[in-house]
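Working notes, structure below.
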Amino acid sequence: MKLTERCTVFISDLHIDSDKPEITSQFIAFVDGLKETTDKLDAFYILGDWFESWIGDDDPDTEKRKAMQSVKELSEMDIPCYFMAGNRDFMAGEKFASDSGCEILKDPTTIGLYGTKVVLMHGDTLCTDDIEYQKFRTMSRDPAWQKQMGALPLEQRIAMAAQIREQSKEATDDKAEDIMDVNKKSVFQAFAEHEADTIIHGHTHRPAIHQIAKDDTTNYDTEKPEFLTRVVLGDWYEQGSVLIWRKKNYELKTLAR
Ligand code: MN
């Protein structure tokens, strides 16, 4: 995608792996466009689930490696590139960072975006109605658990990742739609906790710009603006989804495949 005005670009939920090479192709074409217009690009953010899974920094998947190489090249053109882990690629470590040219951000991270304070998240921490998943999240983000996992042979980790994906798919099929969306109270808590009026996240695969009147909120009494804004990035299963943030406006775009 070629840029026409100075901006910062956000994406998430590509779920790249060797089973879906068409996503990698679209992603690489997208990054190639950014490379042609780096004079307009202030920074590039990937807010999690870049990959369908990440079994550790020795993950050999060729599609993931191609995607990482393309971003590394972008970073070598002096574009700051950032990655925040999702619920699929939370095993990303230091070697992942150097191989992809991305600085790894903590979830959540607050940034200043052309004068607006913005909270960046993957989005899974907002889905607090899914208690079963939140338990898995707590376990899998524990450094001791990650160390233990990382020490297993590569083949075993590949098999485990496939198994976890299968289980997650089955669980997802069984869960009610609203359980897998954000919890309204958790969203308001996030706005309040960070004293910000804007959140950008992915994860739910429900691309939208939600504007919530502050009157609806409890215990939140900042004067301006009147609205809280929550931008949700879409997934890349059937098309691309990208948020372009400029000094004066922003746009959530769908990229046809
Ligand atoms: Mn996710």
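The values are calculated or read from the model by the stated rules, or taken from the named source; none is laboratory data. Keep in mind it's a predicted model, so treat the numbers as computed, not measured. In this analysis, Cβ positions are derived from the backbone assuming ideal geometry, glycine residues included, and neighbour counts consider all displayed protein chains. Protein only, heavy atoms only, side chains kept; ligands, DNA and RNA dropped before computing areas. Shrake-Rupley method; radii C 1.70, N 1.55, O 1.52, S 1.80 Å.
Things to note:
- Test result for LEU47, open to solvent by less than 50 Å² (accessible area, probe 1.4 Å) and either closer than 22 Å to GLN156 by Cα or touching a residue at least 60 places away in the same chain (Cβ under 8 Å) (or both): yes
- Just one of (1) within 16 Å of the ligand (Cβ to nearest atom); (2) over 24 Å from ARG230 (Cβ atoms); (3) open to solvent by 10 Å² or more (accessible area, probe 1.4 Å) fails for GLU22. It is (1).
- Any hit, segment 113-124, residues being in contact with a Ser or Thr (Cβ under 9 Å, 6 or more places away or on another chain), within 16 Å of the ligand (Cβ to nearest atom) and open to solvent by 30 Å² or more (accessible area, probe 1.4 Å): no
- Taken together, the residues in segment 125-154 that are more than 13 Å from the ligand (Cβ to nearest atom), in contact (Cβ under 8 Å) with a residue 24 or more places away in the chain and part of a helix (DSSP H, G or I) amount to 5.
- Residue list for segment 104-148, restricted to those being under 19 Å from PHE10 (Cα atoms), out of contact with any His (no Cβ under 8 Å at 6 or more places or on another chain) and of a type in the set (A, V, I, L, M): ILE104, LEU105, ILE111, LEU113, VAL118
- Among the residues making up segment 55-90, those that are of a type in the set (Phe, Trp, Tyr) and either away from the ligand (no atom under 16 Å from the Cβ) or open to solvent by 10 Å² or more (accessible area, probe 1.4 Å) (or both) are TYR82, PHE90.
- Among the residues here, ALA196 does not qualify as touching a helix residue (DSSP H, G or I) at 6+ places or on another chain (Cβ under 9 Å), over 16 Å from ASP89 (Cα atoms) and assigned to a helix (DSSP H, G or I).
- Residue match in segment 93-105 (condition: open to solvent by less than 10 Å² (accessible area, probe 1.4 Å), within 16 Å of the ligand (Cβ to nearest atom) and out of contact with any Leu (no Cβ under 7 Å at 6 or more places or on another chain)): no
- Within segment 196-213, considering residues that are open to solvent by 40 Å² or more (accessible area, probe 1.4 Å) and under 19 Å from PHE227 (Cα atoms), the one nearest to the ligand (Cβ to nearest atom): PRO207
- Among residues of segment 166-184, those that are assigned to a helix (DSSP H, G or I) and either over 27 Å from LEU243 (Cα atoms) or free of Cβ contacts under 8 Å to residues at least 40 places away in the same chain (or both), counted: 11
- Selection within segment 155-167: residues that are more than 16 Å from the ligand (Cβ to nearest atom) and open to solvent by 40 Å² or more (accessible area, probe 1.4 Å). The member of this set that is nearest to ILE179 (Cα to Cα) is GLU166.
- Sub-6 Å Cβ pairs linking a first residue in segment 4-19 that is free of Cβ contacts under 8 Å to residues at least 24 places away in the same chain to a second residue that is within 15 Å of the ligand (Cβ to nearest atom) and in a loop (DSSP other than H, G, I, E, B), at least 6 apart or interchain, number zero.
- Qualifying positions in segment 223-257 - open to solvent by 90 Å² or more (accessible area, probe 1.4 Å) and not in a strand (DSSP E or B): GLU223, LYS224, GLU226, GLU238, LYS247, LYS248, ALA256, ARG257
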